[in-house]
Each structure stands twice: as structure tokens, then as C-alpha cells.
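The values are calculated or read from the model by the stated rules, or taken from the named source; none is laboratory data. What you see is a predicted model, and the numbers here were worked out from it, not measured in a lab. Here the Cβ positions follow ideal geometry from the backbone for every residue, glycine too, while neighbour counts run over all protein chains shown. All accessible areas refer to the heavy atoms of the entire protein, side chains included, with ligands and DNA or RNA removed. Shrake-Rupley method; radii C 1.70, N 1.55, O 1.52, S 1.80 Å.
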Amino acid sequence: MEEQKSIGLIVKQINNIYEKDFNNRLRRLGITASQYAVLNYLFHSQKEEVTQRDIEKNMSLRNPTVTGLLKRLDEKGFIFSVPSTRDRRCKNIYLAEKAYDIQKRMEAERKKLDKRLVLGMSKKESNALCKALEKVLYNIEEP
């Protein structure tokens, strides 16, 4: 009888391959997959004011990691930060025009890669996979 593979290791392997491919696709636009994730969060955030802490929570990343990502995005001209009017210790993060200029191309590259993930699956199978992965994410997220 064949032993079942570890779900965590499969997810990790998928992530490694996905991120490598996505980084190659995004290189032309001057960003990385991690930087894309931050920009994507900012594009889709419903909040009027987004802080670094919001990004840390949403992406399940630690402060130094997000600090580095934001620093590089700022240096590249994709974002800018402004001290909060509510709390001067916090800075609000905003998208620069340059980020909007590449938004459609970033999304197109992500959609191409996402299509590869579900190659050979029916729409029903693809939806079921997405729901199952969302449950996995919910189960493993910190309370």
C-alpha cells in the first residue's frame, strides 16, 4: 500500500514552483511575487487608510519582512507613505501612479499562471480545490 504524501509538503512544493515562475514573469515589470502580493492587497483593500500593520496581518508576515518589501516598492516608485492624521506613529501606505500603470499586466500574468494550476480540471473541480485550500488556510492561520 502506497503511503499518502504530506499535504504540507505538496503545498510547499507548489508554492516554490509557482513563486519561481511568477517571479520570472514579473521580472519584466520590475517587481517580485512578494511585492506583487503587497500591491495586490493595496489594490483590493476596502480600507481608506492602510498601514504596514494591516499588510502584516493580511499577508501573515512579520514586521521586518514587510518593512523591506515596502522600502523596495517605495524606492521603485510603486508606493508612497504618509504619516497618519490619527496616529503620527503610523504611516498610511498608498499606491503611486506607476503601480496602476502595471496593474493589468500583473493581473494578466497571474491569471496565466493560475490557469496552469488547474489544467485538466473541470470548473467544478477547480472550485472545489479553491474551497478546500481556503479551509486549509483557515485551519492553519494563527488565531
For the chain the mean separation of alpha carbon contacts under 8 Å (6+ apart) over residue count, i.e. relative contact order in percent, is 20 percent
List the residues whose amide H sits under 5 Å from the amide H of Asn92, counting only those 5 or more places along or on another chain, with H placed 1.01 Å from N in the peptide plane.
Val82, Ser84
Of all trypsin sites (Lys or Arg not before Pro) in the stretch 38-143, which ones are in loop regions per DSSP and have a Cβ with at most 12 other Cβ atoms within 10 Å?
Lys47, Arg62, Arg86, Arg88, Arg89
On a 0 to 90° scale, report how tilted helix 63-75 is relative to the longest principal axis of the chain, with both axes built from alpha carbons and the result rounded to the nearest 10.
70 degrees
Excluding ligands, DNA and RNA, the carbon-plus-sulfur percentage of the accessible area of the chain with a 1.4 Å probe reads 53 percent
Counting only heavy atoms of the protein chains, get the accessible area per residue of the chain (1.4 Å probe) and round it to a whole Å² value.
77 Å²
Using 0.36 nm per residue, how much length does the chain from Glu56 to Lys5 gain when fully extended, once their Cα-Cα distance is taken away?
15.3 nm
Nearest 10 degrees is fine. How inclined is helix 33-44 to the longest principal axis of the chain, computing both from alpha carbons?
70 degrees
Identify which of the listed values of Cα extents along the principal axes in Å was calculated from the structure shown: (i) 47, 36, 31; (ii) 61, 36, 25; (iii) 38, 31, 28.
(ii)
Please state, to two decimals, what the Cα-based radius of gyration of the stretch 63-104 comes to when divided by 2.2 N^0.38 Å (N = residues).
1.25
Name the GluC sites (Glu not before Pro) in the stretch 9-58 that are in a loop by DSSP and that have at most 16 other C-beta atoms within 10 Å, would you?
Glu48, Glu49
Separation of alpha-carbon centers, the stretch 60-132 and the stretch 7-49, rounded to whole Å:
7 Å
Read phi for every residue in the stretch 3-20 and hand back ³J(HN,Hα) as whole Hz from Karplus 6.51 cos²θ - 1.76 cosθ + 1.60, θ = phi - 60°, with x for Gly and Pro.
6, 5, 5, 5, 4, x, 5, 5, 4, 4, 5, 4, 4, 4, 5, 4, 5, 4
Provide the per-residue ³J(HN,Hα) series for the stretch 113-130, in order, calculated from phi with Karplus coefficients 6.51, -1.76, 1.60 and θ = phi - 60°, each as a whole number of Hz, with x at glycine and proline positions.
5, 4, 4, 4, 4, 10, 4, x, 9, 6, 4, 5, 5, 4, 5, 5, 4, 4
Helical contribution to [θ] at 222 nm, DSSP H n ≥ 4, -39,500 (n - 2.57), averaged over the chain, rounded to 500:
-21000 deg cm²/dmol
Only four residue types carry charge here, +1 at the Cβ of Lys and Arg and -1 at the Cβ of Asp and Glu. Report the dipole size of the chain about the Cα centre in Debye, rounded to the nearest 20.
360 debye
Order Ile14, Ile79, most accessible first, counting only protein heavy atoms with a 1.4 angstrom probe.
Ile14, Ile79
